[in-house]
Every structure is written in structure tokens, then in C-alpha cells.
Amino acid sequence: MRLMLVEDSVSLADQLIPMLREHGYAVDWLADGRDALVRAHDDPFDLVILDLGLPGMDGLQVLRQWRAEGLGVPVLILTARDSWSEKIEGLQLGADDYLTKPFHPDELLLRMQALLRRSHGNVNDAGLRVGSLTLDEQRQSVWQGEQEMTLTGAEFRMLRYFMHNPGRLLSKGQLASHLYDNESDRDSNVLEVHVNRLRRKLGKDVIETRRGQGYVFIGGQG
């Protein structure tokens with residue numbers, strides 16, 4: 001899943017970025033509200049973590065403009081401001097959740113996971129489930145019925161994105177843009193390798209290939 005972190009505190013960004021990447025997220029970091037306003041339209045982000053006290057343009061102004069432009073990406077506001085009026089204004093403008101600094105990193109991760117599940121129509125609080133498959137995001141493993149299977153970091157990132165989009169045709173370009181930070185990592189041959197590894201672990205029919213189009217995640221049988 002691809003995230004945009006909009007935070008002008010270098011120390012906080014230095015803390016969050018490695019943690020987010022360790023949990024399988026591709027992260028784009030911006031420190032200026034004006035840059036974030038434009039950047040949100042350049043790549044298909046799955047979630048934005050947005051600070052309010054930004055240089056260039058305040059976070060609430062950025063959010064207001066995004067929603068006015070029809071950008072529906074989920075937004076989690078992250079701020080040191082503890083004013084109820086600003087929280088209410090942020091939610092009225094279209095923020096999906098609000099976390100006040102200081103916070104525990106585990107709370108941020110859990111709120112992010114819940115937002116991502118809801119934004120893709122999965123309202124199960126117990127975790128991400130498709131058919132007989134349940135993804136354990138904390139352990140970066142997958143359960144197929146009663147059997148737990150370990151995943152590599154790349155397999156976990158790919159499976160999570162597939163499970164957020166069951167039955168949807170995903171091109172190799174879409175997969176790469178959501179899974180990798182850098183253009184140099186976006187190799188279609190590497191994607192095929194990870195798809196084949198997931199098939200070996202979960203069953204060959206779990207992921208369907210559409211020649212010349214991409215892949216469709218069918219999932220395990222419920």
C-alpha cells in the first residue's frame with residue numbers, strides 16, 4: 001500500500017518512515033503543504049497521513065482543497081494541536097480519522113489498518129479477510145483456514161494489496177506503483193516472481209492472470 005506522509009518535523013519523519021516501511025508500506029514524504037496539494041494527484045495513494053501545522057499551506061487548507069477537487073483518498077490527520085474545534089473542522093472537511101501527538105506508533109498502525117480496510121469495503125475488525133484467507137498484518141503472515149504461512153516482505157505487500165482489491169483487475173503498473181517507493185524497483189519480471197510464489201503457497205487458482213492486462217485476485221474459498 002502506498003502512503004503519503006505530510007509532516008514537517010524531520011525527527012518525527014525519521015521515526016515514522018522506517019517503521020512504516022518495515023510494516024510493508026511504500027512511503028512518500030513531503031514537508032510542505034503546497035507540495036502535498038499537487039503531489040496527491042501524481043500517484044494513486046492509498047492513504048495520507050497529514051499534519052496540520054505545515055509550512056507553505058496549512059493542513060486543513062490542503063484537505064479542503066483536495067476534497068473540493070474530488071480527491072477521495074483516506075486522510076488521517078496527525079497533529080500536536082489539541083483543539084476540539086480544529087478536530088471537528090478537520091472531520092467536517094473530510095478527514096477520516098484524527099490522532100493527536102504524542103502518540104504510540106502501534107496506535108497509528110492500527111488506525112491506518114482500520115482506515116484501509118474500511119476504504120476497501122472490509123469492515124471486519126479482526127483483520128483483513130477474503131474467503132478462507134486471513135492476513136495477519138502484525139506478524140506479516142497469512143492464515144488459510146487453520147494453517148499459518150509465513151511471507152517474505154514482498155509477498156506480504158503484494159498479498160495485502162490483492163486482498164484489499166479482490167475481484168478487481170490490477171495491471172502490473174498499478175501493482176508496482178502501490179508496492180514500491182522508487183521507479184527503479186518497478187520491474188514487471190519481479191512482480192511475476194512474487195505472484196508465482198504466492199500461488200505456490202496459497203494455490204494456483206488464487207491469482208488469475210489476464211494476458212496483456214494484469215492479474216485478478218480470486219482468493220481462497222470461504
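The values are calculated or read from the model by the stated rules, or taken from the named source; none is laboratory data. Only a predicted model underlies this, so the values are computations on that prediction, with no experimental measurement involved. Every residue, glycine among them, receives a Cβ derived from its backbone with ideal geometry; neighbour counts consider all protein chains shown. The accessibility values were calculated without ligands, DNA or RNA, using every heavy atom of the protein model including side chains. Shrake-Rupley method; radii C 1.70, N 1.55, O 1.52, S 1.80 Å.
Report the equivalent ellipsoid semi-axes for the range 91-184 in whole Å, largest first, defined as the square roots of five times the eigenvalues of the gyration tensor built from alpha carbon atoms.
Working from the Cα gyration tensor, I get semi-axes of 23, 18, 15 Å.
In degrees, nearest 10, range 0 to 90: what is the angle between the Cα axis of helix 188-202 and the longest Cα principal axis of the chain?
With both axes taken from Cα atoms, the answer is about 60 degrees.
For the range 32-92, build the charge dipole from Cβ charges (+1 Lys, Arg; -1 Asp, Glu) around the Cα centre, then report which of Ala36, Ala68, Ser85 sits farthest towards its positive end.
Value: Ser85.
Go through 208-218, 66-76 and give me the packing order, highest mean Cβ count within 10 Å leading.
Highest to lowest by the protection proxy: 66-76, 208-218.
Once the dipole of the chain is set up with Lys and Arg at +1 and Asp and Glu at -1 on Cβ about the Cα centre, which of Val216, Val190, Ser11 lies farthest towards its positive end?
It is Val216, whose Cα lies furthest towards the positive end.
For volume of the Cα convex hull per residue in Å³, one of (1) 112; (2) 145; (3) 124 was computed from the structure I shared and the rest are decoys. Which label?
(3)
Counting Lys +1, Arg +1, Asp -1, Glu -1, what net charge surrounds Leu108 among other residues with beta carbon under 12 Å of its beta carbon?
-2
Taking only Cα atoms, what is the 0 to 90° angle, nearest 10, from helix 153-164's long axis to the longest principal axis of the chain?
In the chain, helix 153-164 runs at an angle near 80 degrees to the longest axis.
Quickly estimate the mean residue ellipticity at 222 nm for the chain, helices only: each DSSP H run with n ≥ 4 gives -39500 (n - 2.57), and the total goes over all residues, rounded to 500.
Roughly -12500 deg cm²/dmol at 222 nm, from the helical runs in the chain.
Under a 10 Å cutoff between Cα atoms, tell me which one of His23, His164, His120 has the largest fluctuation in the Gaussian network model of the chain.
His120
Give me the accessible area per residue for the chain, probe 1.4 Å, as a whole number in Å².
Heavy-atom SASA per residue in the chain reads 47 Å².
Is there a quick way to get the dipole size of the range 128-217? I mean about its Cα centre, with the Cβ of Lys and Arg at +1 and of Asp and Glu at -1; what is the value in debye to the nearest 20?
300 debye
Can you tell me the 0 to 90 degree angle between the C-alpha axis of helix 59-68 and the longest principal axis of the chain, rounded to 10?
60 degrees
Quick one: dipole size for the range 29-156, taken about the Cα centre, charges +1 on Lys/Arg Cβ and -1 on Asp/Glu Cβ, in debye to the nearest 20.
Roughly 280 debye for the range 29-156.
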